[in-house]
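Colleague: Got a structure for you, written out below as structure tokens; questions coming shortly.
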Amino acid sequence: MDSAVSAPDLSRSPNPSAPTGPTGPGTETGRPRPAYLQGHEEPAKILIVGGFGAGKTTLIGAVSEIEPLRTEEEMTAASVGTDDLAGLPQKQSTTVAMDFGRITLHGDRRDLVLYLFGAPGQSRFLPLAGDLARGALGVLVLADTRRLRDCFPALDLAEDLGLPYAVAVNAFPDSPEHPGTELRTALDLTEGTPLTVCDARRRDSVLDALITLVQHLLTLRPEPAR
């Protein structure tokens, strides 16, 4: 991120009912933004990765302020023996290219606009995930404790790309619960890597996970030159 841009106020959630259009995103009061604030937006590309069936498409759909772009296809018999559906009895479709959404975090003088790019979870699509990562400032790794090993390739990808990341454990109804210290050990996370729990179906929960990642990115941003 540009070190000359002030950090957004992350204590306030976006208002989905705020007007958008030629006047720009609205404030939490629902009124149009003042003219001197129009166009004061800082864009940030965020990559969303995780194992097959971890909930990436659901997460982006839950939080996006625009109609999310999805590239899901129905799973057919051709995936038998290729895609492991253990623990995913209800899964009937899968992302084959990418998901895309946008969410705005409103600040006092500037807004931080997160462009969310969700990558497919299957290992055969990892090269595509690397392409989607171009220009990304950070990565949110979504983990499923029912299939924890499936997120290892995503963690390896973030580290190979040299991108800072946070891990969000998606709390499925039937997910086993583990203490944070055990999860950190199992995922081999460094002390400085944020670890949080979220429900990918809930907007407020997803926002918390994204804000955790953004706050982590802000701590890594160099101080402005004096």
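Here, each number is a calculation from the coordinates, and none is a lab measurement. Fair warning: this is a prediction, and the values are worked out from it, not measured in the lab. Cβ atoms come from the backbone with ideal geometry, glycine included; neighbour counts cover every protein chain shown.
Colleague: Sorting check: for 45-53, 159-167, which peptide has the highest mean count of neighbouring beta carbons within 10 Å, and how do the rest follow?
Modeller: With the highest mean Cβ count within 10 Å placed first, the list reads 45-53, 159-167.
Colleague: So what are the ³J(HN,Hα) numbers for region 214-222, from phi and the Karplus equation (6.51, -1.76, 1.60; θ = phi - 60°), rounded to whole Hz, Gly and Pro as x?
Modeller: My calculation for region 214-222 gives 4, 4, 5, 5, 5, 5, 8, 6, x Hz in order.
Colleague: Scan around residue 171 for amide H atoms under 5 Å from its own, H built in the peptide plane at 1.01 Å from N, and keep only partners 5 or more places away or cross-chain.
Modeller: 198, 199, 200
Colleague: List, in order, the whole-Hz ³J(HN,Hα) value for each residue of region 131-148 obtained from phi through the Karplus relation with A = 6.51, B = -1.76, C = 1.60 and θ = phi - 60°; use x for Gly and Pro.
Modeller: Along region 131-148, the couplings run 5, 5, 6, 4, x, 6, 8, x, 10, 9, 9, 9, 10, 10, 5, 6, 9, 4 Hz.
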